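**Student:** The following block contains the structure, expressed as structure tokens.
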Amino acid sequence: MLLPILSYPDPRLRTIAEPVKVVDDEIKTLIKDMFETMYDAKGIGLAATQVDRHIQLIVMDLSDDRSAPRVFINPKVTPLVEDKKPYEEGCLSVPDVYDKVERPAKVRIEAIDGEGNEFTEEVDGLLAVCIQHEMDHLNGVLFVDYLSRLKQTRAREKVRKVVKQREKQPVTVKA
Ligand code: ZN
């Protein structure tokens, strides 16, 4: 089932997510729906916050062919290096806006997977960028918060236009 994605500056995107207590069927259904929603929107990551579910759950797939789905539940992310690297980020909640954000280049992730198993992983590159971007969502933070006031104003205007444009388009049935 496709879930509606909240758009900046919706105040619900500022909600702090609660930890997931148990990985039950309800959570597994939400994970399935979040993947469907993320793939449909052509995104590489989606936090539950973005679909108005305020629990610590992130889905991600950094592959080109949807072959590497990843689930992060109750994630903890620790930077392993002090130097930050810039990366051009975008966000399904801030459509059509892209800008550089600097983040630590290497992090440790401690989380629970979609089957309820704990794991620890040290990552760099795109995965390090993406997990920090999604962690921000769980804490009510958006990548545009790191940009100048002027860029934030422009981003709001851009998103308003994109959302308006989408509303004009006929509803399509996706089989
Ligand atoms: Zn995002």
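**Student:** Given the C-alpha atoms of region 76-173, compute the convex hull and give its volume per residue in Å³. Walk me through the numbers before you get to the answer.
**Tutor:** Working: hull volume 12.5 nm³, N = 98.
Roughly 128 Å³ of hull volume per residue.
**Student:** Compute the normalised compactness of the chain: alpha-carbon radius of gyration over 2.2 N^0.38 Å, N being the residue count.
**Tutor:** Numbers: Rg = 15.9 Å, N = 175, 2.2 N^0.38 = 15.7 Å.
Working it through for the chain, the quotient is 1.02.
**Student:** Can you send over the carbon and sulfur percentage of the accessible area for the chain, probe radius 1.4 Å, protein chains only? Show your work: numbers first, answer last.
**Tutor:** Numbers: 5190 of 10310 Å².
With neighbouring chains kept in place, the figure for the chain is 50 percent.
**Student:** Order of 8-14, 30-36, 46-52 by packing, highest average Cβ count within 10 Å first? Could the numbers behind the result be given before it?
**Tutor:** On the way: 8-14: 14.9, 30-36: 18.0, 46-52: 24.7.
Ranked by mean Cβ neighbours within 10 Å, highest first: 46-52, 30-36, 8-14.
**Student:** In addition: Please identify every one of the GluC sites (Glu not before Pro) in region 95-135 that sits in a loop by DSSP and has no more than 11 other beta carbons within 10 Å of its own beta carbon.
**Tutor:** On the way: sites: Glu102, Glu110, Glu115, Glu118, Glu121, Glu122, Glu134; in loops: Glu115.
Answer by residue number: Glu115.
**Student:** Please work out the FRET efficiency for the pair Lys158 and Met1, using the Cβ-Cβ distance as r and a Förster radius of 25 Å; give the result to the nearest 0.05. Show your work: numbers first, answer last.
**Tutor:** Details: r = 28 Å, r/R0 = 1.13.
E(calc), rounded to 0.05, equals 0.35.
**Student:** Among the listed pairs Lys100/Lys168; Lys21/Lys85; Lys42/Lys151, which have their C-alpha atoms separated by more than 27 angstrom in this model?
**Tutor:** Values: Lys100/Lys168 31 Å; Lys21/Lys85 34 Å; Lys42/Lys151 24 Å.
The answer is Lys100/Lys168; Lys21/Lys85.
**Student:** Explain nothing, just the number: dipole magnitude of the chain about its Cα centre with +1 on each Lys and Arg Cβ and -1 on each Asp and Glu Cβ, in debye rounded to the nearest 20.
**Tutor:** Values: 27 positive and 31 negative charges, 216 e Å.
Here the size comes out at about 1040 debye.
**Student:** Can you give the local net charge around Asp124? Use residues other than it whose beta-carbon is closer than 12 angstrom to its beta-carbon, Lys and Arg +1, Asp and Glu -1. Intermediate values should be presented prior to the final figure.
**Tutor:** Values: positive: Lys85, Arg103, Lys106, Arg108; negative: Asp83, Glu121, Glu122.
Within the 12 Å Cβ shell, the charges total +1.
**Student:** Where a ≥ b ≥ c are the square roots of the eigenvalues of the C-alpha gyration tensor, would you call region 73-125 rounded, which needs a/c under 1.5, or, failing that, prolate if a/b is larger than b/c, or oblate?
**Tutor:** oblate
**Student:** Give the Debye-formula value of log10 I(q)/I(0) at each listed q (0.15, 0.18, 0.24, 0.26 Å⁻¹), with one equal scatterer per alpha carbon of region 1-69, two decimals each.
**Tutor:** -0.47, -0.67, -1.11, -1.23
**Student:** Something else: Please report the spacing between the Cα centers of region 93-111 and region 1-75 in Å, no decimals.
**Tutor:** Comparing the Cα centres of region 93-111 and region 1-75, I get a distance of 16 Å.
**Student:** Quick one: accessible area per residue over the chain, 1.4 Å probe, rounded to a whole number of Å²?
**Tutor:** On the way: 10310 Å² over 175 residues.
Solvent-accessible surface per residue comes out at 59 Å².
The values are calculated or read from the model by the stated rules, or taken from the named source; none is laboratory data. In this text, all values refer to a predicted model and were calculated from it rather than measured experimentally. Don't worry about glycine lacking a Cβ; one is built from the backbone with ideal geometry, like all the others, and counts go over all protein chains shown. Note: accessible area is taken over every heavy atom of the protein model, side chains too, but ligands, DNA and RNA are not part of it. Shrake-Rupley method; radii C 1.70, N 1.55, O 1.52, S 1.80 Å.
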